[in-house]
Amino acid sequence: DAGVIQSPRHEVTEMGQEVTLRCKPISGHNSLFWYRQTMMRGLELLIYFNNNVPIDDSGMPEDRFSAKMPNASFSTLKIQPSEPRDSAVYFCASSLAGGLHQPQHFGDGTRLSIL
Amino acid sequence: AQKITQTQPGMFVQEKEAVTLDCTYDTSDQSYGLFWYKQPSSGEMIFLIYQGSYDEQNATEGRYSLNFQKARKSANLVISASQLGDSAMYFCAMRERGFQKLVFGTGTRLLVSP
């Protein structure tokens, strides 16, 4: 079975540019999460969706960040304009909603470097 | 508020030995779940094992087991018969009832030597 698929795996761009990260969750999963991992702050939740609806975006750092989930099989995280401090690994994860026992399954991550 | 503490930044173990990675948590909820993830140097996050707060038995998955001590609010991961491929970062995480977000600890880096 295909896991969570993220693209691109690596992204290097100059500050001020728009960055779009993409995620395809596991088929049948109805919850989708975007996390960011940095050395300073560890793993932190940015936003999550249930049934394509954003539920909690309190972790989104600022208005430069936006996320969408237009359908059950696709989500994007956009940064515009990007800044060097946005450099991090961004993970997408998906799970079945309901039940504490449901694990979140992570994609391989996108390693983002803003120069 | 949820909080996960992993006090061991690094652990060393020889191949074929067992190792325990510590995790303590703080929550005021009675219903919660605890998870362990492995992050190899390649970067992906791999789910290893789950323990529910109402589970009476400690969780086991192959060589992984969870030493769950509810009164002490600890959920230590035990890896038996370590292998070189176990070298990685290990993260403990918690989720409370009614919330879907996972709160992660800072991780423990495990190095298995031959």
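The values are calculated or read from the model by the stated rules, or taken from the named source; none is laboratory data. Everything numeric in this text was worked out from a predicted model, so none of it was measured. As a convention, Cβ positions derive from the backbone with ideal geometry for all residues, glycine included, and neighbour counts pool all protein chains shown. We work out accessible area using only protein heavy atoms, side chains counted, and drop any ligands, DNA or RNA first. Shrake-Rupley method; radii C 1.70, N 1.55, O 1.52, S 1.80 Å.
Cβ neighbours within 10 Å, averaged per peptide: list B:64-73, A:82-91 in order, most packed at the top.
Most protected by this proxy first, the peptides run A:82-91, B:64-73.
Share of region B:6-50's accessible area from carbon and sulfur, percent, 1.4 Å?
After summing per-atom areas, the C and S share lands at 50 percent.
Please find, in a Gaussian network model of chain B (springs between Cα atoms separated by less than 10 Å), the residue of B:31, B:80, B:41 whose mean-square fluctuation is greatest.
B:41
Once you place label points 7 Å from the Cα toward the Cβ at residue B:14 and residue A:66, how far apart are they in nm?
5.9
Mind checking the mean number of beta-carbon atoms from other chains within 10 Å of the Cβ atoms in B:46-58?
Taking all residues of B:46-58 together, the mean is 2.
Within region A:1-40, which residues have the backbone N less than 15 Å from the label spot 7 Å out from residue A:56 along Cα→beta-carbon, could you tell me?
The answer is A:31-36.
Could you name the lysines whose alpha carbon sits less than 18 Å from that of residue A:68, not counting residues in the same chain fewer than 8 places away?
Of all the lysines, those that pass the test against residue A:68 - Cα under 18 Å, at least 8 places apart if same chain - are A:24, A:78, B:101.
So, in nm, how far is label residue B:60 from label residue A:73 when the simple model puts each one 7 Å beyond its Cα toward the Cβ?
In this crude label model, residue B:60 to residue A:73 measures out at 4.1 nm.
Can you pull out the buried accessible area for chains A and B, both sides counted, probe 1.4 Å, rounded to the nearest 100 Å²?
That pair of chains buries around 1700 Å² in total.
What is the average number of partner chain Cβ atoms found within 10 Å of a Cβ in B:102-110?
Other-chain Cβ atoms within 10 Å of each residue's Cβ, averaged: 3.
Considering only DSSP states other than H, G, I, E and B, which chymotrypsin sites (Phe, Trp or Tyr not before Pro) in region B:27-56 qualify as loop sites with at most 16 other Cβ atoms within 10 Å?
B:54
Per-residue Cβ counts within 10 Å, from other chains only, averaged over A:103-113: what number is that?
Per residue, the number of nearby Cβ atoms from other chains is 4 on average.
Determine the per residue accessible area of region A:1-110 with all protein chains present and a 1.4 angstrom probe, expressed in square angstrom.
Counting only protein heavy atoms, the per-residue value for region A:1-110 is 49 Å².
For region B:30-114, which GluC sites (Glu not before Pro) pass both filters: DSSP loop (anything but H, G, I, E, B) and at most 13 other C-beta atoms within 10 Å?
Hits after loop and neighbour filter: B:56.
Could you do me a favour and compute the accessible area per residue for chain B, 1.4 Å probe, result in Å²?
49
I'd like to compare A:104-110, A:67-73, B:89-95, A:8-14: which one has the highest average count of other Cβ atoms within 10 Å, and what's the full order after that?
B:89-95, A:104-110, A:67-73, A:8-14
Under a plain spin-label model, where a point goes 7 Å from the Cα along Cα-to-Cβ, how far apart in nm are residue A:96 and residue B:46?
Rounded to a tenth, the inter-label distance reads 2.3 nm.
Quick check on region A:30-108: what does the Kirkwood estimate of hydrodynamic radius come out to from the alpha carbon pairs, in Å?
Hydrodynamic radius (Kirkwood, Cα only) of region A:30-108 equals 13.1 Å.
Can you figure out the FRET efficiency of residue A:38 with residue B:99, using R₀ = 30 Å and their beta-carbon distance, to the nearest 0.05?
Between residue A:38 and residue B:99 the formula returns 0.85.
Name the residues of region A:23-58 whose accessible area falls by at least 50 Å² when all protein chains are present instead of the chain alone, probe 1.4 Å?
At a threshold of 50 Å² (probe 1.4 Å), the residues of region A:23-58 that become less exposed are A:43.
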